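Trainee: Got a structure here, written out as structure tokens. Questions coming.
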Amino acid sequence: MLLAWAIALLAGLCALHILQKHNFPYFWKDFFYLTKVIRYGIKIEMYKMTSRVVTVLDRFVQQAERLPDKPFVVFEGSVHTYRDVDRRSNKVAQVFRTHGAVQRGDIVALLMSNEPDFICTWFGLCKLGCAVAFLNTNIKARSLLHCFSSCGAKMLIIGADLIDTLEDVLPSLQKDNISVWVMARQATKPGTCTLLDKLDQASEEPVPACLRAVSSVKAPTLYIFTSGTTGLPKAAVITQLQTLKAAAGFWAYGATYDDIVYIPLPLYHSAASLIGIGGTIELGATCILKKKFSATQFWSDCKKYNITVFQYIGELCRYLCNQPRKEGEKDHKVHMAVGNGMRQDIWKEFLDRFGNIKMCELYGSTEGNVCFMNHTGQIGAVGRSNFFYKLFFKYQMVKYDLEKDEPVRNKQGFCELVQKGETGLMLSQVNSKNPFFGYAGSKMLTEKKLLRDVFRKGDAYFNTGDLMCEDHDNFVHFKDRIGDTFRWKGENVATTEVTDMIGLMDFLQEANVYGVEVPANEGKTGMAAVILKPGCEFDGKKLYEHVAEHLPSYAQPRFIRIQESMDMTGTYKQQKFRLVRDGFNPSHVTDPLYFLDYSEKCYIPLTKAIYEDIVSGQQKL
């Protein structure tokens with residue numbers, strides 16, 4: 001009898017297993033992933049209840065006490081242990097406390113390339129209770145000054161290798177009483193202070209822990225600048241809550257204490273700083289910090305340092321796939337990659353060529369209140385959803401009119417949901433459990449990212465600006481980016497900022513900037529439709545010199561289209577839809593077209609031959 005019961009039980013379990021595999025193939029992966037999410041969520045809720053937040057910095061100090069001799073950051077062959085970085089950051093805190101340069105609650109701007117002192121300075125300022133604003137190292141003159149006015153920073157710390165970028169703005173900074181500290185021992189610019197010489201003499205004793213104490217997860221700790229529809233960089237407010245969530249990313253994907261993480265992305269990006277550095281700290285792992293990504297050195301670095309996890313953006317993986325094939329390309333220890341923007345064809349090629357690496361694609365903007373994680377490794381998906389996920393994150397996808405450049409509203413004035421499998425604009429509800437902290441400075445910037453009265457009067461949703469689709473298996477896919485921002489070379493390009501800069505040319509009457517797709521390239525590259533002033537001619541040399549001086553490389557329009565008149569929407573907004581659809585093919589576009597030729601240092605006529613070289617990949621952009 002017992003044997004019969006055992007056989008029946010075993011048969012029942014087998015039947016359940018087969019049923020689960022057939023009808024719910026991702027059940028256990030979803031279950032274990034959600035278990036982690038819930039566990040971490042409970043920990044954050046406890047911080048709210050007790051008003052005692054264990055921040056990422058607190059976690060770092062704990063790890064420095066627990067693992068003092070473990071390598072934390074390896075940079076250009078130099079090893080910096082958890083103790084080393086802790087003591088170095090103490091020195092930074094002591095210098096600014098001694099000199100009275102900043103106080104608890106102040107905002108300090110940090111303009112540095114990837115190096116260990118970026119992290120030490122960041123942590124040292126946070127130990128004083130300061131918030132830190134990460135500045136993009138590509139920004140110039142006007143944009144740089146705007147960053148200070150928007151976030152309210154009273155001090156700038158700049159790397160010695162970037163000091164020349166202040167040539168034009170240093171007098172303006174000094175006029176605004178913004179002190180400038182250079183990571184050097186000798187000053188090369190008048191009115192600047194040096195930091196390295198003072199760090200040499202500073203005490204490595206910790207400053208009082210009460211200075212960094214945080215009682216609310218909503219307390220701002222960072223400002224990370226992101227391009228948006230307003231054109232100039234916007235200072236996204238990064239709270240303790242956001243840093244804690246980001247730091248759990250590696251752990252949620254299954255990374256451990258023993259992993260060695262490769263970070264080739266710039267630290268001023270939230271991916272490298274919040275997910276990369278924060279995630280390394282959460283695990284108590286080691287990170288290999290690269291000053292700048294190099295496709296030719298990537299795999300040799302992975303082998304040299306026994307890398308097990310690396311961070312990526314889609315463009316990075318495409319660069320790796322474009323490298324000449326070599327023997328032993330699968331001979332490495334990398335088992336996981338975490339990032340976003342991986343195109344499906346590149347994804348498949350990458351795995352075929354470099355081996356069985358778990359690609360952990362994620363989705364989320366720096367300032368956004370919605371995040372997806374593809375914890376199953378499904379090729380082409382940015383994340384996965386289910387019934388339980390939707391209980392925590394109230395997101396929706398609504399119908400969007402590309403020609404009118406706005407969400408579709410019904411007769412009652414409310415948005416309409418798309419059907420399963422259809423593409424729609426991703427919106428995420430803003431509430432107490434899922435707040436949107438917005439941007440520093442003008443409240444108008446924050447309000448512009450919100451859609452109100454979406455499904456009922458009084459509701460509010462964060463507008464991601466992204467067209468997404470959720471398939472019948474609950475996988476979420478990124479389709480396109482709408483509005484005045486597109487992505488090129490791993491950077492967001494704000495079309496309004498580029499338009500304003502081009503509009504300064506004396507021979508142009510109007511400009512309309514948008515992104516166009518280029519075969520075999522990630523994202524979209526910049527193109528500008530322009531109208532010449534009466535009696536003026538297009539000056540390709542002058543325009544080249546202007547954009548080269550005032551815009552970072554990724555924001556410089558590669559193509560110019562000269563029009564007689566500008567297409568407008570019914571609400572007098574510049575129409576981009578048809579321009580984007582037309583592209584830059586001289587065989588299809590009758591208007592004069594020009595191409596940004598870096599070798600000629602000029603915008604030159606775009607011929608059919610040049611066009612064919614571009615689409616074939618022979619002409620690099």
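The values are calculated or read from the model by the stated rules, or taken from the named source; none is laboratory data. Quick caveat, the model's predicted, so the values are computed rather than measured. Glycine gets a Cβ as well: all are built from the backbone with ideal geometry, and neighbour counts include every protein chain shown. Heavy atoms of the whole protein, side chains included, go into the accessibility calculation; ligands, DNA and RNA do not. Shrake-Rupley method; radii C 1.70, N 1.55, O 1.52, S 1.80 Å.
Trainee: Against the definition (part of a loop (DSSP other than H, G, I, E, B) and either open to solvent by less than 20 Å² (accessible area, probe 1.4 Å) or among the aliphatic types (A, V, I, L, M) (or both)), how does residue 334 come out, yes or no? Talk me through it step by step, then tell me what you get.
Mentor: Values: part of a loop (DSSP other than H, G, I, E, B): yes; either open to solvent by less than 20 Å² (accessible area, probe 1.4 Å) or among the aliphatic types (A, V, I, L, M) (or both): yes.
Answer is yes for this residue.
Trainee: Still on this structure, please answer the following. Being surrounded by 13 or more Cβ atoms within 10 Å (Cβ to Cβ), part of a helix (DSSP H, G or I) and hydroxyl-bearing (Ser, Thr, Tyr) is the filter here; which residues of the stretch 26-50 pass it?
Mentor: Matches in the stretch 26-50: 33, 40, 47.
Trainee: From the list 355, 421, pick out the single residue that is modelled with pLDDT of 90 or more, among the small types (Gly, Ala, Ser) and open to solvent by 30 Å² or more (accessible area, probe 1.4 Å). It would help to see each step written out before you state the result.
Mentor: On the way: 355 fails: open to solvent by 30 Å² or more (accessible area, probe 1.4 Å).
Being modelled with pLDDT of 90 or more, among the small types (Gly, Ala, Ser) and open to solvent by 30 Å² or more (accessible area, probe 1.4 Å) holds for just one of 355, 421, which is 421.
Trainee: Continuing with this model, one more query. With respect to residue 462, determine if the residue is hydrophobic (A, V, I, L, M, F, W, C), in a loop (DSSP other than H, G, I, E, B), under 19 Å from the mean Cα position of the chain (by Cα) and under 30 Å from residue 45 (Cβ atoms). Steps first, please.
Mentor: Values: hydrophobic (A, V, I, L, M, F, W, C): yes; in a loop (DSSP other than H, G, I, E, B): no; under 19 Å from the mean Cα position of the chain (by Cα): yes; under 30 Å from residue 45 (Cβ atoms): yes.
No.
Trainee: Which residue is nearest to residue 273 (Cα to Cα), if the candidates are limited to the stretch 298-316 and must be under 16 Å from the mean Cα position of the chain (by Cα) and open to solvent by less than 20 Å² (accessible area, probe 1.4 Å)?
Mentor: To start, the set of residues in the stretch 298-316 that are under 16 Å from the mean Cα position of the chain (by Cα) comprises 310-316.
Going one step further and asking which of them are open to solvent by less than 20 Å² (accessible area, probe 1.4 Å), we end up with 310-312, 314-316.
Values: 310: 13, 311: 11, 312: 13, 314: 18, 315: 19, 316: 17 Å.
Residue satisfying both the conditions and the ranking: 311.
Trainee: Answer yes if at least one residue in the stretch 106-119 is more than 20 Å from the chain's Cα centre (by Cα), surrounded by fewer than 21 Cβ atoms within 10 Å (Cβ to Cβ) and part of a loop (DSSP other than H, G, I, E, B), and no otherwise.
Mentor: Yes, some residue in the stretch 106-119 is more than 20 Å from the chain's Cα centre (by Cα), surrounded by fewer than 21 Cβ atoms within 10 Å (Cβ to Cβ) and part of a loop (DSSP other than H, G, I, E, B).
Trainee: So which residues in the stretch 365-406 are free of Cβ contacts under 8 Å to residues at least 12 places away in the same chain and either within 27 Å of residue 238 (Cβ to Cβ) or touching a Cys at 6+ places or on another chain (Cβ under 6 Å) (or both)?
Mentor: If we filter the stretch 365-406 for residues that are free of Cβ contacts under 8 Å to residues at least 12 places away in the same chain, which is where we start, we get 387, 390-391, 401, 406.
Residues satisfying the conditions are 390, 391.
Trainee: Does residue 79 meet the test of being touching a Pro at 6+ places or on another chain (Cβ under 8 Å), open to solvent by 50 Å² or more (accessible area, probe 1.4 Å) and part of a strand (DSSP E or B)?
Mentor: On the way: touching a Pro at 6+ places or on another chain (Cβ under 8 Å): yes; open to solvent by 50 Å² or more (accessible area, probe 1.4 Å): yes; part of a strand (DSSP E or B): yes.
Yes.
Trainee: Still on this model: If you take the residues in the stretch 51-70 that are in contact (Cβ under 8 Å) with a residue 12 or more places away in the chain and of a type in the set (Asp, Glu), which one is surrounded by the most Cβ atoms within 10 Å (Cβ to Cβ)?
Mentor: Going residue by residue through the stretch 51-70, those that are in contact (Cβ under 8 Å) with a residue 12 or more places away in the chain are 51-53, 55-61, 63-64, 66-70.
Cutting the leftovers down to of a type in the set (Asp, Glu) gives us 58, 69.
On the way: 58: 18, 69: 8.
The residue in question is 58.
Trainee: How about the stretch 182-208: which of its residues are of a type in the set (A, V, I, L, M) and farther than 19 Å from residue 99 by Cα? Explain how you work it out, then say what you get.
Mentor: Step one: filter the stretch 182-208 for residues of a type in the set (A, V, I, L, M), giving 182-184, 187, 195-196, 199, 202, 207.
Within the stretch 182-208, none qualify.
Trainee: Picking from 492, 474, which residue would you name as being farther than 30 Å from residue 528 by Cβ and open to solvent by 20 Å² or more (accessible area, probe 1.4 Å)? Working first, answer last.
Mentor: Values: 492 fails: farther than 30 Å from residue 528 by Cβ.
Testing whether each residue is farther than 30 Å from residue 528 by Cβ and open to solvent by 20 Å² or more (accessible area, probe 1.4 Å) leaves just 474.
Trainee: Let me ask something else. Restricting attention to the stretch 488-523, report how many residues are under 26 Å from residue 445 (Cβ atoms), in contact (Cβ under 8 Å) with a residue 40 or more places away in the chain and either of a type in the set (Ser, Thr, Tyr) or touching a strand residue (DSSP E or B) at 6+ places or on another chain (Cβ under 6 Å) (or both). Working first, answer last.
Mentor: Keep residues of the stretch 488-523 that are under 26 Å from residue 445 (Cβ atoms), which gives 488-504, 510-515, 523.
From what's left, in contact (Cβ under 8 Å) with a residue 40 or more places away in the chain: 488-502, 504, 510, 512-515, 523.
Narrowing further to those that are either of a type in the set (Ser, Thr, Tyr) or touching a strand residue (DSSP E or B) at 6+ places or on another chain (Cβ under 6 Å) (or both): 488, 490, 492-496, 498-499, 502, 510, 512-515, 523.
Qualifying residue count, the stretch 488-523: 16.
Trainee: Within the stretch 593-602, is there a residue that is in contact (Cβ under 8 Å) with a residue 24 or more places away in the chain, open to solvent by less than 70 Å² (accessible area, probe 1.4 Å) and assigned to a loop (DSSP other than H, G, I, E, B)?
Mentor: no
Trainee: Given the conditions (1) over 30 Å from residue 495 (Cβ atoms); (2) touching a residue at least 40 places away in the same chain (Cβ under 8 Å); (3) not in a strand (DSSP E or B), which single one is not true for residue 73?
Mentor: Among (1) over 30 Å from residue 495 (Cβ atoms); (2) touching a residue at least 40 places away in the same chain (Cβ under 8 Å); (3) not in a strand (DSSP E or B), the lone unmet condition for residue 73 is (3).
Trainee: Something else: So, in the stretch 277-292, of the ones that are assigned to a helix (DSSP H, G or I) and free of Cβ contacts under 8 Å to residues at least 60 places away in the same chain, which residue ends up nearest to the chain's Cα centre (by Cα)?
Mentor: Among them, the one singled out is 279.
Trainee: Here is a further query. Out of the stretch 469-489, which residues are among the aliphatic types (A, V, I, L, M) and under 13 Å from residue 340 (Cβ atoms)?
Mentor: So in the stretch 469-489, the residues among the aliphatic types (A, V, I, L, M) come out as 476, 482.
Listed by number, the list holds a single entry, 476.
Trainee: Sticking with this structure for a sec: If only one of 295, 235 is open to solvent by less than 10 Å² (accessible area, probe 1.4 Å) and either of a type in the set (Phe, Trp, Tyr) or not in a helix (DSSP H, G or I) (or both), which one is it? Before the answer, list the steps.
Mentor: Values: 295 fails: open to solvent by less than 10 Å² (accessible area, probe 1.4 Å).
Unique residue meeting the criteria: 235.
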